[in-house]
Amino acid sequence: MGGIKGLGENAVQAILDERKANGDFKDIFDFVERVNLQTVNKKNIECLALAGALDSIAPFHRSQFFAQDNKGASFIESLIRYGSLVQAERAQKQNSLFGDMMSGVMVQQPEIPCAETWGKLETLEKEKAVVGIYLSSHPLDDYRILIEKYCSNTVSELDDLSSMRERDFTVAGMVTSAQYLTTKTGKPYGRFTVEDFSGSHTFTLWSKDWETFHSFCFEQNSILIKGRVQMSRFRPGEMEIVIKSMKSLAEVMESDIRELVVTVPVQDLSTGFITDLSSTAAASVGQVSLLFHIFDPESGVKVALRTRTPKIELNAQVVGLLDDYGFKYRIN
């Protein structure tokens, strides 16, 4: 929790002290009933919600913490108001001469509001804003197989152009920033930064290239770039990147990838894998054929088998299944 921006050391300590003294929090209502709401304030709870720190005790989407009632109060404000009333009643009982003999007034828990669920990317961006990194997942997870198996390089490798001299490259990632600029003579150009799992790289596009590719250069757009590193046409002795084509990763997945080839040793072809594959494939219908290369390491015999099941989608579930079983695979 100490790494969450805007939370503060005192708030973290108050939560830890209460949990240590009286056990884990049962749910979000138990949380606001117990923590010191003078120390753990609205801003702190907002940061906890955005970071996903309350996911285990709040069985609803993070967006619902920020949903407003008909008076314009957020659910977090309703929770704080509820928790303050419970704590005030508890203190009143403790200070009364009659103690538990006082019946008190039952404080009604606020209803969990309905709210439009944030998309995966929006959720992760809000998470990153308060933590600095993506925690629960990565925006590119659905394209991991494409980045790892289809691309020839990572974007961070483009930071050392001398090692890429006179070489073609294919990289993919998410645009994290884009600048639309003009030269002193009024000609348009732009800079955009692309991030993958290895790091990031900033590209500069001039005049006609910017006009050709600028429609891909907006934040949170996931793209594939093909290009070449060569000697600069205008700066002798320097290397430059020449971009040949751009495509959205969604388009590449849909139109360019036709086949997933999985290599399986015959001794590892189990009933459990076939069962898991059947259920995963049924839930991941798409446009990609599935081809197995079954081989016997002892005899050297190899057999190619194409599944009769519907074509699949190359999503995180399919890739995760193959990774779990430790099978090698590639895409064509």
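The values are calculated or read from the model by the stated rules, or taken from the named source; none is laboratory data. Every value quoted in this text rests on a predicted model; they were computed, and no experiment measured them. Because the Cβ atoms are built from the backbone with ideal geometry, glycine has one as well, and the counts that use them run over all protein chains shown. Surface areas here come from the heavy atoms of the whole protein model, side chains and all, with no ligands, DNA or RNA. Shrake-Rupley method; radii C 1.70, N 1.55, O 1.52, S 1.80 Å.
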Problem set entry | Distance in nm between pseudo-label sites at residue 176 and residue 287 (7 Å out along the Cβ direction from Cα) | 2.9
Exercise. Efficiency by 1/(1 + (r/R0)^6): what FRET value for residue 9 and residue 135, r their Cβ-Cβ distance, R0 = 25 Å, to the nearest 0.05?
Worked result: 0.80
Problem set entry | Angle in degrees between helix 316-325 and the longest Cα principal axis of the chain, rounded to the nearest 10 | 80
For this session: Normalising by the residue count of the range 249-332, find the relative contact order in percent from Cα pairs under 8 Å and 6+ residues apart.
Result: 40
Exercise. Using a Förster distance of 45 Å, how high is the FRET efficiency between residue 308 and residue 219, based on the Cβ-Cβ distance and rounded to 0.05?
Worked result: 0.60
For this session: Find the accessible area per residue for the range 1-128; the probe is 1.4 Å, ligands and nucleic acids are left out, and the unit is Å².
Result: 60
Exercise. Quick one: helix 42-51 against the long Cα principal axis of the chain, what's the angle to the nearest 10°, folded into 0 to 90?
Worked result: 30
For this session: Mind scanning 184/244; 208/311; 71/93; 187/244; 120/244 and naming the pairs with a C-alpha gap bigger than 28 Å?
Result: 208/311; 71/93; 120/244
Problem set entry | Extension gain (nm, one decimal) between residue 294 and residue 109, 0.36 nm per residue minus Cα-Cα | 60.7 nm
Exercise. In the Gaussian network model of the chain, springs joining C-alpha atoms below 10 Å, which of 190, 300, 119 carries the largest mean-square fluctuation?
Worked result: 300
Exercise. Considering only protein heavy atoms and a 1.4 Å probe, what is the carbon-and-sulfur percentage of the accessible area of the range 1-87?
Worked result: 45
Exercise. How far, in degrees from 0 to 90, does helix 271-282 lean away from the longest principal axis of the Cα atoms of the chain, to the nearest 10?
Worked result: 90
Exercise. Once every DSSP H run of n ≥ 4 in the chain is given -39500 (n - 2.57) and the sum is divided by its residues, what mean residue ellipticity at 222 nm do you get, rounded to the nearest 500 deg cm²/dmol?
Worked result: -9000 deg cm²/dmol
Seminar exercise, completed: For the chain the mean separation of alpha carbon contacts under 8 Å (6+ apart) over residue count, i.e. relative contact order in percent, is 11
Seminar exercise, completed: Inter-part gap, Cα centre of the range 258-328 to Cα centre of the range 191-249, in whole angstrom, is 35
Problem set entry | Rounded percent of accessible protein surface that carbon and sulfur make up, the range 137-243, 1.4 Å probe | 46
Seminar exercise, completed: Quick calc: nm separation of the 7 Å Cα→Cβ label points for residue 68 and residue 183 -> 4.8
For this session: Set Lys and Arg Cβ to +1 and Asp and Glu Cβ to -1, take the dipole of the chain about its Cα centre, and tell me which of 243, 225, 31 lies farthest positive.
Result: 243
Seminar exercise, completed: Heavy-atom accessible area per residue of the range 145-220, all protein chains kept, 1.4 Å probe, expressed in Å², is 54
Exercise. Given a 1.4 Å probe and the protein chains all in place, what does the accessible area of residue 165 round to, in Å² to the nearest 10?
Worked result: 140
Exercise. Taking the structure as given and computing volume of the Cα convex hull per residue in Å³, which label from (i) 233; (ii) 184; (iii) 169 fits?
Worked result: (i)
Exercise. What full-extension length gain, to one decimal in nm, is calculated for residue 21 and residue 251 as 0.36 nm per residue of separation minus the Cα-Cα distance?
Worked result: 77.4 nm
